[in-house]
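> Okay, here's the structure, questions in a sec.
Rule-based calculations on the coordinates, nothing more; no lab input. Bear in mind that the values here come from a model prediction, so they are computed numbers and not experimental data. In this analysis, Cβ positions are derived from the backbone assuming ideal geometry, glycine residues included, and neighbour counts consider all displayed protein chains.
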Amino acid sequence: MLLHRIGLTATAALGVAALVVGTTVAEKKYDTGATDTEIKIGNTNPYSGPASAYGTIGKTITAFFNKVNAEGGINGRKVNFISYDDGYSPPKTVEQARKLVESDEVLFLFNTLGTPPNTAIQKYMNSKKVPQLFVATGATKWGDHKDFPWTMGWQPTYQAEGHIYAKYLLEHHPQGKIGILYQNDDYGKDYVKGLKDGLVGKMPIVAELPYETTDPTVDSQIVSLKASGADVFFNVTTPKFAAQAIKKSAEIGWKPIHLLNNVSQSVGGVLQPAGLENSKGILSSYYLKDPTDPQWKDDAAYKDWVAFMEKYYPEGDRTSTFPVYGYTASQTVVQVLKQCGDELTRANVMKQAANLKDLSLGMLLPGVKINTSATDWYPIKQMQMQQFDGQRWIPIGPILSGELSGT
Amino acid sequence: MNWELLLHQVLAGLATGGIYACIALAVVMIYQAIDHLNFAQGEMAMFSTFIAWQLMNWGCPYWVAFVLTIAISFVGGLAIERIVFKPIHDAPVLSHIVVFIALFSIINSLAGWIWDYTIKEFPTPFGTRSLIGDGLISAHDGGMIGVTLVLLLLLYLFFRHTRIGLAMRAAAANPESARLAGIRVGWMVALGWGMAAAIGAVAGMLIAPVVFLEPNMMLGILLYGFAAAVVGGLTSPGGAVIGGFSVGVIENVAGTFIPYFGRELKLTIALVLIVAVLLVKPSGLFGRTVVSRV
Amino acid sequence: MEAAPAAIEATTAATPSVVRLPPAQAVIGGLTLARWRQLAIIAAVVVAVVLPFFVKNFLVFQLTLAIVYALAILGLNLLTGFNGQFSLGHSAFYAIGAYTAAIMMDKWDIDYYWTLPVAGVVCLVSGFLFGLPALRLEGIYLALATFALAIAAPQILKFSPLEHWTGGVQGIVVIKPDAPFGLPLTSDQWIYFFTLGVAAVLYICAVNLVNSRTGRAMKAIRDNAIAAGAMGVNVSLYKSLTFGVSALYTGIAGALGAVVAGFVAPDSFTFTLSIQLFVGLVVGGVGSIPGTLFGGLFALFAPNVAESVSKGLAGAVYGVILILVIYVMPSGAAGLVRLIVSKLARSER
């Protein structure tokens, strides 16, 4: 009888001990959207409407997570990536973001695309304390960790790029007269601001002409730019209009110093349709490897990317830099999740995102690294100036950092 | 006043205007047939151009692809009318317009799904050397204007001097009487659709070398094409062509020379001017005034 | 050079629904039609009031948006369905209403409920002013003029000199209100009820309007403007007034929409919105006030349904859904209901 009692007590004690030990050793913490087996990530992308060209980024990310899951997931957990179409319309983005957070109950939003769409949901995401991580836009305001501690950008900001071009101009062509063609929206205007801030008035801007995405061509603007006497051309256009601008400039015999924003620097996607001869001498900057640039043909990381595209996203356009963008951004978030380990809370996701040290990823240009800290919420700040020689982009000068006096 | 710039903008405007004139012809064509504007016209033209591009990608020489595409588009237009629109023949007019919108959505989405959104080069049979003004009007622009004028002539001859043309005009003007006269009204409408689709295909293949081929290429152009057709008078193909050139020139000149507003409100100004024209001449510059019987 | 004579009869843009409802005394299943209508309204009100407490906040948010769209479509319906003037430009009035509300709330710290009447008045005036020159235009030509309005609106909103007011391309963020007086409602639920209340008032006004003398004048103009004029109706005045009232409704919907979404930007108000409203109008039933509710729900949920069927071809699926809807109900949902009701009533005789 006594033995029986002792046995019972012992078992009970063992049970309690096991419980205590179990909880202290495992230390798993989850917020909504994360479990032992799954991490739910949400996203909005414009799969329809005038901005649908960017939808390929969302498709690349979906393919990437298929690859991650096929290879065992992250720390043993599969990623459930849910991406909805917002047609680049802010009210729709609000609806889809709320659906992801409240109905699908994701852990966080990743790489949501577009400045107005992200602006529309920024307050909501921060009030709900759900990370709005690595947003796919270059607007400068996404690094404001004091007012919006749940929002972080990823790519170099448009203003930073504008600064870099300004620096280059002041150094190499300080006597020039600048003509600007820009898309009449947040992205275009941000670039122009960056250039102007960087120039601090030291060079005259003789023409500043906008265009709308509904404009059939930008020919009229190019004609005006030539007539303005500008000999430096700051070209802030998306791929279709960039190609038109390059082609028309060549046709009317206008040969300025041509600075092209990096959104449109793809050899296969822009320069080739515009005419490789016409594109000779164009300056740009970038932080990712251009998949159509022959110099990466035998690069190991490039070959990995091609293999990924062939297996998981075969219908993707391998001449476009958008899939490279999606691929590299996905690799970044995977690193963040790996660093989270078993503590998959939203707060920890933001903490680890602000804790990336010298992260080197395959398709980033050599020398460009991802760095974040508690006071620096701009993961990629470095860019390489490059010039097109008629066949490929030749880097010129060192890797530059687009400084921004903290937002 | 920078006269040289003005001349340049006018020339550039004529070049772009050629694009609008071409698509405006297709708009007028469909209006003649069905008394309405087809929102999906631009998308159909874009899809036809993609078909041409695909044929050339598979090895067809340019002119073979050109002719084939026109034929396919003609049949396609006819088929769409017979298959999609026949069941809703008696539905109210506004419902028809919703179906146009649906077609737009379907064709645009299909094109993006099949050929994705990166821009594609489209060849031109006219070459790109400069024709007028040091590159302002290239050989291709000139060729496009030429083809548009030829199409215009063909349409004029068709409607004025052939029996089928007459039958089509009758069917559109007064379907009841036309039926009594023995005209197969349904097939006249279908024929109109086919012809409009064919003209649209030509327009698309002429436009693509300039603006680059991609699924969203026609949206802005269709807008201008509508405006051009309306300001020219929807019953007048010649008016549509003149309207197209006018819109191109006005848009460029207004955008360049109107101070303060011109730069950023180019499209708005162009449309305001068009509406102003309509207020003065409610049926367009060359259209027939509508007489209504109470 | 003309190629075809213009149509002998002027084509009006809207043809009224052909199906007529049987008289209110007709009996179906033991109850008069009038009684059925009363029951339907009561049932709808009960469901609308009780629903938010049983579903997720997110669905409440979506339903609020659907009501907003329904109200905007009602505005369009007054103009197109009841007055025969075709408009593709109502996204502009929606935008004016939304920006009025946003600017008032953001720049002058005015509470959201005061923004509604102001937005309404601003739109009434702008609608009337637009309607005046539009008097000369018919059918296609009016469509183009209104289309021009829809295209111009986002451009004007982005216009740099106005940036200080409109926020330019960055837009204006609007703070969503919480339930007042400490009511035990979530912000979403409160906004839902507020929107529901405003919409209910406006709907009742609309019903009264179309059944009044003014409404009959409007409908007379739609059916045959020349005859109406011959009978003494001041066609110009009524047409412009209707434009104004229609804009007022859509403008108030826009103001509500701004509060619900919490953000306004030029990209939110492209002519795509005009097209959505137009589609909602036709799908609900042109010339039917209850139809606009169905139209609003369709405008909100149909794209979502299309997306869930196929992400890559969402647009194509949406188009197919639209075509099928038109095939099944060529006169919209209201037309279908009328058809069923008249068949049922007939079979009872």
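> Which order do A:I180, B:I83, B:I207 fall in if you start with the one that has the fewest other Cβ atoms within 10 Å?
If I rank by nearby Cβ atoms, fewest first, I get B:I83, A:I180, B:I207.
> Can you give me the C-alpha center-to-center distance between segment C:203-233 and segment C:137-179, rounded to a whole angstrom?
After rounding, the separation between the Cα centres reads 30 Å.
> How big is the C-alpha Rg of segment A:273-371 next to the rule-of-thumb value 2.2 N^0.38 Å, as a ratio? Walk me through the numbers on the way to the answer.
Values: Rg = 16.3 Å, N = 99, 2.2 N^0.38 = 12.6 Å.
For segment A:273-371, the normalised Cα radius of gyration is 1.29.
> On to the next question. What does the average come to when, for each residue of peptide B:269-281, you count the partner chain Cβ atoms lying within 10 Å of its Cβ?
4
> Considering all projection directions equally, how large on average is the shadow of the alpha-carbon convex hull of segment A:325-395, in square nanometres?
5.5 nm²
> Mind listing the Cα extents of segment B:37-170 along all three principal axes, in Å, largest one first?
Computed over segment B:37-170, the largest-to-smallest principal extents equal 54, 43, 28 Å.
> Please report, in Å, the Rg and the Dmax of segment C:40-164, where both are computed over Cα atoms only.
17.5, 51
> In Å³ and rounded to a whole number, note down the convex hull volume per residue for the Cα atoms of segment C:90-177.
Values: hull volume 8.6 nm³, N = 88.
Convex hull of Cα atoms, per residue: 97 Å³.
> Only loop residues by DSSP count here, and only those with at most 15 other Cβ atoms within 10 Å; note down the chymotrypsin sites (Phe, Trp or Tyr not before Pro) in segment C:98-189 that meet that.
Taking segment C:98-189 and a limit of 15 other Cβ atoms within 10 Å, the loop chymotrypsin sites (Phe, Trp or Tyr not before Pro) found are C:W108.
> Here is a follow-up. What is the fewest-to-most order of C:C123, C:C205, B:C60 by other Cβ atoms lying within 10 Å of their Cβ?
Fewest-to-most Cβ neighbours within 10 Å comes out as C:C205, B:C60, C:C123.
> Please state the relative contact order of chain C as a whole percent: Cα pairs under 8 Å, 6+ residues apart? Write out the running numbers ahead of the final one.
Working: 540 pairs, mean separation 111.8, N = 349.
32 percent.
> Two decimals, Cα atoms only, Kirkwood Rh: what is Rg/Rh over segment C:273-349? Walk me through the numbers before you get to the answer.
On the way: Rg = 14.1 Å, Rh = 13.1 Å.
Rg/Rh for segment C:273-349 comes to 1.08.
> Springs between alpha-carbon pairs under 10 angstrom, Gaussian network model over chain B: which of B:Y31, B:Y224, B:Y117 fluctuates most?
Residue with maximal mean-square fluctuation among B:Y31, B:Y224, B:Y117: B:Y117.
> Within 10 Å of each Cβ in B:207-213, how many Cβ atoms from other chains are there, averaged over the peptide?
Mean shielding by partner chains, rounded to a whole number: 4.
> With the Cα gyration tensor of segment B:218-286 in hand, give its eigenvalues times 5 under a square root as the equivalent ellipsoid semi-axes, listed largest first in whole angstrom.
Value: 21, 13, 9 Å, ordered largest first.
> Let me ask something else about it. Would you count, across chain C, every pair of lysines whose alpha carbons are under 20 angstrom apart, provided the pair is eight or more residues apart or spans two chains?
4
> Taking a ≥ b ≥ c as the square roots of the Cα gyration tensor eigenvalues, with a/c under 1.5 meaning rounded and otherwise prolate when a/b beats b/c, else oblate, which class fits chain B?
Oblate is the answer for chain B, as a/c is 1.5 or above yet b/c matches or exceeds a/b.
> Now a separate question. Add -39500 (n - 2.57) for each DSSP H run of 4 or more in chain C, then divide by its residues: what number comes out at 222 nm, to the nearest 500 deg cm²/dmol? Before the final figure, lay out the partial values.
Details: 14 runs with 241 residues, N = 349.
Here the helix-only value at 222 nm equals -23000 deg cm²/dmol.
> When you have a sec, figure out the Kirkwood radius of segment A:112-226 from all distinct Cα pair distances and drop it here in Å to one decimal?
Roughly 15.8 Å, rounded to one decimal.
> For A:K29, what charge total do you get from the other residues with a beta carbon under 13 Å from its beta carbon, if Lys and Arg give +1 and Asp and Glu give -1?
With Lys, Arg at +1 and Asp, Glu at -1, the neighbours total -2.
> Using the Cβ atoms and a cut-off under 11 Å, what net charge is assigned to the surroundings of A:Y84, where Lys and Arg are +1 and Asp and Glu are -1? Show your work: numbers first, answer last.
Numbers: positive: A:K92, A:R98, A:K99, C:K311; negative: A:D85, A:D86, A:E95, A:D104, C:E307.
Residues near A:Y84 contribute -1 overall.
> Can you tell me the equivalent ellipsoid semi-axes for segment C:156-210? Use √(5λ) from the Cα gyration tensor, largest first, whole Å.
Values: eigenvalues 192, 95, 10 Å².
Rounded to whole Å, the semi-axes are 31, 22, 7.
> Compute the relative contact order of segment B:218-286 as a whole-number percentage, counting only Cα pairs closer than 8 Å that sit 6 or more residues apart in sequence.
Computed over segment B:218-286, the figure is 33 percent.
> Given the convex hull over the Cα atoms of chain C, what projected area results after averaging over all orientations, in nm²?
If you wrap the Cα atoms of chain C in a convex hull and average its projections, you get 21.9 nm².
> Using a/c under 1.5 as the rounded threshold, could you call segment C:60-100 rounded, prolate or oblate? The axes a ≥ b ≥ c are square roots of the C-alpha gyration tensor eigenvalues, and prolate needs a/b larger than b/c, oblate otherwise. Show your work: numbers first, answer last.
Details: a/c = 3.26, a/b = 1.47, b/c = 2.21.
It comes out oblate by the Cα gyration axes.
> For the protein assembly as shown, count all C-alpha to C-alpha pairs, find those more than 57 Å apart, and express that count as a whole percent of the total.
I get 14 percent for the Cα pairs in the protein assembly as shown exceeding 57 Å.
> Okay, next question. Between C:A227, C:A98, C:A72, which gets the highest mean-square fluctuation from a Gaussian network model of chain C, Cα cutoff 10 Å?
C:A227
> Looking only at C:Q62, C:Q276, C:Q170, which one moves most when chain C is put into a Gaussian network model with springs between Cα atoms under 10 Å?
Between C:Q62, C:Q276, C:Q170, it is C:Q170 that shows the largest mean-square fluctuation.
> Of all the stretches in chain A, which is the longest one without any exposed loop site, taking trypsin sites (Lys or Arg not before Pro) in a DSSP loop (any state but H, G, I, E, B) with at most 11 other Cβ atoms within 10 Å?
Counting only loop sites that pass the neighbour cut-off, the longest clear stretch is A:1-145.
> Compute the separation of the alpha-carbon centres of segment A:350-372 and segment A:319-342 and state it in Å as a whole number.
If we compute the Cα centre of each part, the gap is 10 Å.
> Using a Cα distance threshold of under 17 Å, what count of lysine pairs results for segment A:154-264 when pairs must be 8 or more residues apart or interchain?
15
> Neighbouring Cβ atoms within 10 Å as the yardstick, rank C:V286, A:V223 fewest first.
A:V223, C:V286
> Still on this structure: Along each of its three principal axes, how wide is the spread of alpha-carbon positions in chain A, in whole angstrom units, largest first?
Its Cα atoms span 106, 43, 38 Å along the three principal axes.
> What number, in percent, do you get for the relative contact order of chain B if the mean sequence gap of Cα pairs under 8 Å and at least 6 apart is divided by its residue count?
35 percent
> State the Cα centre-to-centre distance between segment C:277-349 and segment A:168-240 in whole Å.
That distance is 47 Å.
> So what is log10(I(q)/I(0)) for segment C:111-270 at q = 0.11 1/Å, when the Debye sum runs over its Cα atoms only?
Values returned for q = 0.11 Å⁻¹ are -0.58.
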